[in-house]
Amino acid sequence: MESLPKPPLRAVLFDLDGTLVDSAPDLLTAANKLLAEVGRRALDLSELTLMVGDGVPKLVERCFAATGEVPDEASLKDMYKRYMGFYEGHESDLTRPYPGALEALNRMQAEGYVMAVCTNKPHAPALGLLASLKLERYFPVVIGADSIPGVIKPDPRVLLSALEALGATPDEAIMIGDNQNDVIAARGAGLPVAIATYGYTRVAPADMDADVLFDSLDELPGIFSKIS
């Protein structure tokens, strides 16, 4: 069998929710349990997906904004804790990898890419989700919302921290995401960025100034050759 050429990129950073996994159903379940507890109406899935991407505290705030008055800061902190009580341990009840994810990850691992997850989900539930879906073996490095105190995407330090842990540099890495935060973080870190057309975003993928768009994860790493 002919050996594969050495790829120009060797490190791949992935967003999690809306990129690797379709997690909105479990996020919605937790949100609606919280809202029901305080007498608010339930959200539907299309509403919830537009709230994802900026971390759980912002998700909780948006849930309340969509259903009535937003509580004060102290109350929101309490609501965040209550939300996480509903979510943790149930991260993978309904969440599944997107089609093509396993094929792409297996291929990239076989071709020698090193991979990490950079997510605005808290670290513990991110690890729990990856383990439940048997994806943890692909990702020796996972950077979550609380991995660097006070720092989440779009801050490029999230990506740079992951690259440091992988032993890679920005000029040999790429960011794979679905959200404007992924683009901003990648640009700040000096990485090219590929954006999924199917994810959770309030900005149309075509308007994000990504280097390349993809419709399915099994297009990776074939699209890497399109990025100079």
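FYI, it's all coordinate maths here, none of it is from the lab. The model shown is predicted, which means the values in this text are computed figures rather than measured ones. Here the Cβ positions follow ideal geometry from the backbone for every residue, glycine too, while neighbour counts run over all protein chains shown.
Does region 149-228 classify as rounded, prolate or oblate by the C-alpha gyration tensor (a ≥ b ≥ c root eigenvalues; a/c under 1.5 gives rounded; else a/b over b/c gives prolate, otherwise oblate)? Oblate, because a/c is 1.5 or more while a/b does not exceed b/c. Charged side chains reduced to their Cβ positions (Lys and Arg at +1, Asp and Glu at -1) give the chain a dipole of some 280 debye around its Cα centre.
Here the scattering of region 24-87 is modelled by Debye summation over its C-alpha atoms, one equal scatterer each and no solvent; at q = 0.16, 0.20 Å⁻¹ the log10 of I(q)/I(0) is -0.41, -0.66.
Taking Cα atoms, how many degrees apart are the long axis of helix 180-189 and the longest axis of the chain, rounded to 10 and kept between 0 and 90? So the helix axis and the longest Cα principal axis differ by about 50 degrees. Note on Lys226: lysines with a C-alpha under 23 Å away, same-chain residues under 8 apart excluded, are Lys6.
Each of Arg96, Arg40 was scored by other Cβ atoms within 10 Å of its Cβ. Arranged with the fewest first, they read Arg96, Arg40. Cross-link partners of Lys33 among lysines, defined as those whose alpha carbon lies under 25 angstrom from its own and excluding same-chain residues fewer than eight positions apart: Lys58, Lys77, Lys81, Lys121.
Extent of region 1-118 along its three principal axes (Cα atoms, max minus min coordinate, largest first): 63, 25, 23 Å. Its residue count N sets the reference 2.2 N^0.38 Å, and the alpha-carbon radius of gyration of region 114-163 equals 1.06 times that reference.
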